[in-house]
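Below you'll find the structure, written out as structure tokens, and then a few comments.
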Amino acid sequence: MRIPPLPKASLDLTGDKATKRAVGNRPANVTSPITIDAYNPEWPAMFAKEEAAIRAALGAKALAVEHVGSTAVPGLAAKNRLDIDLIVADPADEDAYVPPLEAAGYLLRTRDPDWYGHRCLWTHDHGVNLHVFGPDCDEYLRHLILRDRLRTHSEDRDRYAAEKQRIAQEHPMDMALYVQGKTAIIIDILKRCGLR
């Protein structure tokens, strides 16, 4: 796997930028407190079900479907929401993948054309964030590297879990501050993986 560079900055989820990236009738703000739950051993099976639905909807258009984020790391506490990365040939070509995913129960909720062409679809209950990127995307590669490091290095996993708990307690109703608050520890762990 190619080693991508460290991220230059986290995605800005605040103010007007948050409003501009929103698609459809998604809420502008968090509607209930951010909570970090103990690891759920059901998460891998839940991912397998979602992966099967995504692959059935897209066939060969799904170049990769990966379970990423904290729910993909055994033993790691997480928000009870799966993060899945989907790689397609061109995220900007929404007509190629959004309609079949909508038919399978996913709704387009985020469009970030200036950030790796990222799109994000949610399930109706928002139990899944389906992140869409193009091939060889730096952010996708960072997701895999971070996930794999946390799976194999319990000290980093535990540090990350403690930091997520702290930030969620400090900013229980602000997803932008929660995401920004995790940036420093994520960069520190990625540096341990050789990213520069």
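The values are calculated or read from the model by the stated rules, or taken from the named source; none is laboratory data. Computed from a predicted model, the values in this text were never measured in an experiment. Because the Cβ atoms are built from the backbone with ideal geometry, glycine has one as well, and the counts that use them run over all protein chains shown. Quick note on the areas: whole protein, heavy atoms, side chains included, nothing else; ligands and nucleic acids left out. Shrake-Rupley method; radii C 1.70, N 1.55, O 1.52, S 1.80 Å.
Taking the Cα centre as origin and putting +1 on Lys and Arg beta-carbons and -1 on Asp and Glu beta-carbons, what dipole magnitude results for the stretch 17-94, to the nearest 20 debye?
340
State, as an integer percentage, the relative contact order of the stretch 99-196 based on alpha-carbon contacts under 8 Å between residues 6 or more apart.
Working: 82 pairs, mean separation 15.5, N = 98.
Across the stretch 99-196, relative contact order equals 16 percent.
Can you tell which of 177, 108, 137 lies farthest toward the positive end of the dipole of the chain, using +1 and -1 charges on the Cβ of basic and acidic side chains (Lys, Arg; Asp, Glu)?
Farthest towards the positive pole: 177.
Hey, can you find the accessible area per residue of the chain for me, probe 1.4 Å, expressed in square angstrom?
Details: 9720 Å² over 196 residues.
Per residue, the chain has 50 Å² of solvent-accessible surface.
Using DSSP, restrict attention to beta bridges with both residues in the chain and report what percent are antiparallel, rounded to the nearest 5. Walk me through the intermediate numbers first.
Numbers: 17 of 23 bridges.
DSSP beta bridges in the chain are roughly 75 percent antiparallel.
Return the FRET efficiency for the residue pair residue 152, residue 32: r is the Cβ-Cβ distance, R0 is 30 Å, and the value is rounded to the nearest 0.05.
Numbers: r = 33 Å, r/R0 = 1.10.
With R0 = 30 Å, the Cβ-Cβ based efficiency is 0.35.
Select from 82, 54, 33 the residue farthest towards the positive end of the dipole of the stretch 1-84; place +1 on Cβ of Lys and Arg, -1 on Cβ of Asp and Glu, and compute about the Cα centre.
Looking along the dipole axis, the top candidate is 54.
When only C-alpha pairs under 8 Å and at least 6 residues apart count, what is the relative contact order of the chain, in percent?
Taking the mean separation of contacting Cα pairs over the length of the chain, I get 26 percent.
With the convex hull built on the Cα atoms of the stretch 1-74, state its orientation-averaged projected area in nm². Please list the in-between numbers first.
On the way: hull surface 32.6 nm².
For the stretch 1-74, averaging the hull's shadow over all directions gives 8.1 nm².
What does the charge dipole of the stretch 1-134 about its Cα centre add up to, to the nearest 20 debye, if the Cβ of each Lys and Arg holds +1 and the Cβ of each Asp and Glu holds -1?
200
Between 86, 177, 76, which gets the highest mean-square fluctuation from a Gaussian network model of the chain, Cα cutoff 10 Å?
Maximum fluctuation in the GNM of the chain, among the listed residues, is at 177.
What percent of all Cα-Cα pairs in the stretch 70-196 falls in each 10 Å bin, counting up from 0?
Once binned at 10 Å, the Cα pair distances of the stretch 70-196 give 12, 38, 37, 13, 0.
Which percent of the accessible heavy-atom area of the chain goes to carbon and sulfur, probe 1.4 angstrom?
Carbon plus sulfur share of accessible area: 53 percent.
Rounded, prolate or oblate: pick one for the stretch 45-95, where a ≥ b ≥ c are the square roots of the eigenvalues of its C-alpha gyration tensor, a/c under 1.5 means rounded, and failing that, prolate if a/b is larger than b/c, else oblate.
prolate
Apply the Debye scattering formula to the stretch 1-142, with a single equal point scatterer on each alpha-carbon and no solvent, then give log10 I(q)/I(0) at q = 0.10, 0.11 Å⁻¹.
Log10 of I(q)/I(0), two decimals: -0.33, -0.41.
Pairs of lysine in the chain with Cα under 28 Å and at least 8 positions apart or on different chains: total?
Within the chain, the lysine pair count is 22.
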